[in-house]
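Below: one structure, written as structure tokens.
Nothing in this text is a laboratory measurement; each read-out follows from the coordinates by a stated rule. Remember, predicted model here, so these are calculated numbers, not experimental data. We place every Cβ from the backbone using ideal geometry, glycine too, and count neighbours over all the protein chains shown.
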Amino acid sequence: MSLQKALDRFSIESRLADIAENEIPDAKTRLAHVIGREYAVPTVHFIEPMFFAQYPDRIERTDTVDARSPFRFAFTETQTRLTSAPEISAGVRTVELGPPHMDTIGLHVLRFERGASLTRARTTANSIFAVIEGEGRSTIDGERFEWSRGDVLVVPAWRPALHEASANSFLLRVTDEPLLQKLHWLREEQ
């Protein structure tokens, strides 16, 4: 979308907010009213300022690990937790990383046995998958992507996804589900 079109939409959002402020004195009700409007979409979605740059050596190595970090999750401990986690699909297990947990971002690790697959229902949440180990393919909104260690995949909101492992695999999933839950915006197709 062009910058001018995004600015035009922002102008419409501002006018809707002004109208709602005059008609609805309660701020919480006003916000819900404006968000429910057709054009009340955050402007950042139209400008699309996000980007991705490929690391030249594919995987960045590190030789220091801060053991004091509260968000350091040892992979061996995660593997142990996955072993006792229930299957969410044949040959697929998942655990949420933590504690601690972040209020707005969810961190999960999925383990796929070779040949296992997982179909994800459409949801308002976005998910980023980083391949820790293994290989396979994902079909996201009808487009197929092959993946292996170090690859990153994105499943945007309301896109169907199928993940299939051709080898034993571990994927990190980062999602905005906690934020959407708090705002009561999380929806999942049944």
* **Distribution of pairwise C-alpha distances over the range 60-99, 5 Å bins, in %** => 5, 20, 22, 19, 15, 10, 8, 1
* Asked: How large is ³J(HN,Hα), in whole Hz, for each residue of the range 143-156 in order, when computed from phi with the Karplus curve 6.51 cos²θ - 1.76 cosθ + 1.60 and θ = phi - 60°, using x for Gly and Pro?
  -> 9, 9, 10, 7, 9, 8, 3, x, 6, 10, 10, 10, 10, x
* Asked: Check residue 149: other-chain or 5+ apart residues with amide H under 5 Å from its amide H, H built from backbone geometry?
  -> 134
* To do: Taking every Cα atom in the range 111-190, find the radius of gyration and the maximum pairwise distance Dmax, and write them in Å.
  => 12.7, 38
* To do: Throw me the Rg/Rh for the range 37-190, computed over C-alpha atoms with Kirkwood Rh, two decimals.
  => 0.97
* Beta carbons within 10 angstrom, averaged per residue: use that to sort the peptides 53-60, 90-97, 67-74, highest first. => 90-97, 67-74, 53-60
* To do: Scan around residue 123 for amide H atoms under 5 Å from its own, H built in the peptide plane at 1.01 Å from N, and keep only partners 5 or more places away or cross-chain.
  => 158, 159, 189
* Using 0.36 nm per residue, how much length does the chain from residue 74 to residue 149 gain when fully extended, once their Cα-Cα distance is taken away? -> 25.3 nm
